[in-house]
Amino acid sequence: MGRNDHVETIYKYALVIMLLVVLFNLGQALFFMMTDKGQSKRTVWALTRRIGLSLVLIAMVALGIFMGWLHPHGVGQF
């Protein structure tokens, strides 16, 4: 097991953690939407964070593919 294998493993864990943070922010926005009834901007900020984190997640996936740490499995390729 080389150094590159450790990088791949750590990178994949980082992607999963980032996905969980995005889902947490989505749940947080739902909670704020149900409890605040439009009286505060907490829902908007939670959704804004989710969008920003989602963009970071997409960039991380693209970087991982570019660096060779992630390997697309070819769904839809002929």
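What the table below lists for this structure:
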quantity	calculated
Total residues in segment 54-78, condition open to solvent by less than 70 Å² (accessible area, probe 1.4 Å), of a type outside the set (Phe, Trp, Tyr) and either under 22 Å from Glu8 (Cβ atoms) or not in a helix (DSSP H, G or I) (or both)	11
Subset of segment 1-53 that is open to solvent by 80 Å² or more (accessible area, probe 1.4 Å) and aromatic (Phe, Trp, Tyr) - its residue that is farthest from Trp69 (Cα to Cα)	Phe31
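The values are calculated or read from the model by the stated rules, or taken from the named source; none is laboratory data. Predicted model only: the values in this text are computed from it and were never measured. Note that we place each Cβ from the backbone using ideal geometry, even for glycine, and neighbour counts take in every protein chain shown. The accessibility values were calculated without ligands, DNA or RNA, using every heavy atom of the protein model including side chains. Shrake-Rupley method; radii C 1.70, N 1.55, O 1.52, S 1.80 Å.
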